[in-house]
Amino acid sequence: MYPLPPFGTRTTLVLCAAFTTLWCSAQFTPGRLAILEMPFIWNGTSYTVPATGGQLVIREYATDGTPGFSVVIPNTGPNMLVSNFQPAGASLTRSPSGDKLVFTGFTATSDGSFNLATSSAAAIPRGIGTVDGAGNYARPFVTSAFFSGGSLKAACTDGVNYWAGGDNSGVCYLGPGTPAVINADVATASDLQFHASGLLHGSTSN
């Protein structure tokens, strides 16, 4: 088990984590920052927020700003995961062993007739995505029961179990056991991290 590092600089555009485990065929470089890039659209005069959902990208940077490896998260197909821009939440977290990055999103886009963030979870399930050190993406769990009418803002894992937090449901356990709400206070659901001491959460004020 590796100690969890402090998060890097956090803005409304990117959220940071870092890998520390070295893989024989790793694509990410241990010690560098991994940035979750959330979608904006340039309309010619300003950036707008895609309420229909946009593509997520995880980009690696050295601490001097030099770019490295990147992983484009699929925005079509059976394992797609997209996001609308969120000024709070949608955090990128790291597994305790340092071998996975964990993030959240929606499992479909909007056709433009409705706002993705306020859609029904039954219609647009919310999901958890992971990327390992070699850049392999997976979507281990989705929910059509929790976070309906709101956004899934954060997720974490202890290496086996997954928890998520978001609007209208609070903090929920998503699997591999029976999904359940474990803390209905939505104010605690903006940031989640699993540590040896237990499941840690942050409020909307971070």
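The values are calculated or read from the model by the stated rules, or taken from the named source; none is laboratory data. All figures in this text were calculated on a predicted structure; none of them were measured in a lab. Glycine also receives a Cβ, built like all others from the backbone with ideal geometry; neighbour counts cover every protein chain displayed. These accessible areas exclude ligands, DNA and RNA; they are computed on the full protein's heavy atoms, side chains included. Shrake-Rupley method; radii C 1.70, N 1.55, O 1.52, S 1.80 Å.
What to note about this one:
- In the range 150-158, the condition of being polar (S, T, N, Q) and touching a helix residue (DSSP H, G or I) at 6+ places or on another chain (Cβ under 6 Å) is met by at least one residue.
- Pick from the range 117-150, criterion within 15 Å of L56 (Cα to Cα) and not in a strand (DSSP E or B), ranking: least open to solvent (accessible area, probe 1.4 Å): G135
- Among the residues of the range 32-41, none qualifies, meaning not one is small (G, A, S) and surrounded by fewer than 18 Cβ atoms within 10 Å (Cβ to Cβ).
- Taken as a whole, the condition of being over 26 Å from L199 (Cβ atoms) and either at pLDDT 90 or above or within 12 Å of the chain's Cα centre (by Cα) (or both) applies to T109.
- Members of the range 95-116 found to be closer than 17 Å to S169 by Cβ and assigned to a loop (DSSP other than H, G, I, E, B), listed by number: T107
- Restricting the first member to the range 126-139 and to residues that are closer than 23 Å to L116 by Cα, and the second to residues that are open to solvent by 40 Å² or more (accessible area, probe 1.4 Å) and among the charged types (D, E, K, R), the beta-carbon pairs closer than 7 Å and six or more apart or on different chains are G127/R139; I128/R139; G129/R139; T130/K100.
- Annotation: of all residues in the range 42-57 being more than 12 Å from the chain's Cα centre (by Cα) and not polar (S, T, N, Q), the one that is surrounded by the fewest Cβ atoms within 10 Å (Cβ to Cβ) is G44.
Residue-by-condition table, conditions (1) among the β-branched types (V, I, T); (2) open to solvent by 50 Å² or more (accessible area, probe 1.4 Å); (3) touching a strand residue (DSSP E or B) at 6+ places or on another chain (Cβ under 8 Å):
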position: C156; (1), (2), (3): no, no, yes
position: T178; (1), (2), (3): yes, yes, no
position: V181; (1), (2), (3): yes, yes, yes
position: S190; (1), (2), (3): no, no, yes
